[in-house]
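This report concerns only the one structure given below.
Each value in this text was obtained by applying a stated rule to the coordinates, not by laboratory testing. Bear in mind the structure is a predicted one, so any value in this text is a computation, not a measurement. No Cβ is skipped: glycine too gets one built from the backbone with ideal geometry, and neighbour counts run over all protein chains shown.
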Amino acid sequence: MSTAAGPEGELVVVWASQENADALTARTVTPAGASFADSRTAAPVSVHVATYRPHLARSVSIVGQSLLAHSHVQPLPGGGVLSVGARCRWRNGAAEPNAAIFDADGKLLREGVLGDGIADVQTTLSGDIWVSYFDEGVYGNFGWGEAGSPAPIGSPGLIRFRSDLDLTWRYPYDGEFGAISDCYALNVTGDEAWAYYYTDFPIVRIRAAAVAGWSTEVRGAHALVVADDRVALVGGYNEHRHRVVAGSIQGEAFSADRATRLVMPDGRPVPKTATILGRGSELHVVAGPSWLKLGFEDLATG
């Protein structure tokens, strides 16, 4: 159903039967033909959340519950699991819960609201939760930002929550690196968060709530890998979908090296269906049954 990289380089995979998978990816089509992702499953379903390091290290079974659809899943301290649905409606004067915390036995402990239009979720070893938002979460949809309803929770574009789902920090709207319209890439490593976002595509680092940033000429990347003062941006628009641009952050700007291209180990193109994730100094590529990792030096040398 989904794959995500955890704070220690592990891979978290959500498995489901085909019937349950259909429910977890359901969409509603309006009479006008517009298609919107459902926020929850219509009936109870079951999933297994497996953690690999690289072999199977842990599995949490969540059985017979109405679950969040189109969800991001991350590990929590003590073997728990965080599930966050990408969509969250405001209707009838209230927000749908779109975050759920389960313990290591699959028991639901807590639900909360993290907002609509969620692009990515990454947790830290201590249980902090970093959430980035795409444009609908920033500017409003699904009832958010309309007359008589609150502003979108995700309007800052990047937020940190505690492990109890309480909000603790927002990206500043008036920061010197510009507002976030759509967060294209997030990388949480240790207690730092790095982000890369539309419209000006700076690289920013949040360390103890202090924001530093560097301008770039790279547009449209969707994964970010960091190693001290070195950064790699992976992806881009159209024919640059698997471009890799590594470089260093110097002064006020990102100094890019020669661009290279990401390919499979045998030289074939990376499948269009592959999931590409940046976490710390590693790039994760999940293509079918294969989980591949590249360290920063591999990306930098091509």
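Here mean projected area of the Cα convex hull in nm² was calculated from the structure, and among [x] 16.2; [y] 14.8; [z] 25.4 it sits at label [x]. Name the longest site-free stretch of the chain, where the excluded sites are trypsin sites (Lys or Arg not before Pro) in a DSSP loop with no more than 16 other beta-carbon atoms within 10 Å. By the stated rule (loop sites, at most 16 other Cβ atoms within 10 Å), 1-106. Using 0.36 nm per residue and subtracting the Cα-Cα separation, the extra length available between S46 and L109 on full extension is 21.0 nm.
Sequentially through the range 106-111, phi angles give Karplus couplings (6.51, -1.76, 1.60; θ = phi - 60°) of x, 7, 5, 9, 7, 10 Hz, Gly and Pro residues having no value and appearing as x. Sequentially through the range 278-288, phi angles give Karplus couplings (6.51, -1.76, 1.60; θ = phi - 60°) of x, 8, x, 9, 10, 10, 9, 10, 10, 10, x Hz, Gly and Pro residues having no value and appearing as x.
So how much slack lies between D298 and A208, counting 0.36 nm per residue of separation and subtracting their Cα-Cα distance, in nm?
Full-extension gain reported as 29.5 nm.
Taking a ≥ b ≥ c as the square roots of the Cα gyration tensor eigenvalues, with a/c under 1.5 meaning rounded and otherwise prolate when a/b beats b/c, else oblate, which class fits the range 93-236?
In terms of gyration-tensor shape, oblate.
If R0 is taken as 35 Å, the Cβ-Cβ distance between Q250 and S17 corresponds to a FRET efficiency of 0.10.
What FRET efficiency comes out for the pair T273/Q65, r = Cβ-Cβ distance, R0 = 35 Å, nearest 0.05? Efficiency for this residue pair is about 0.80.
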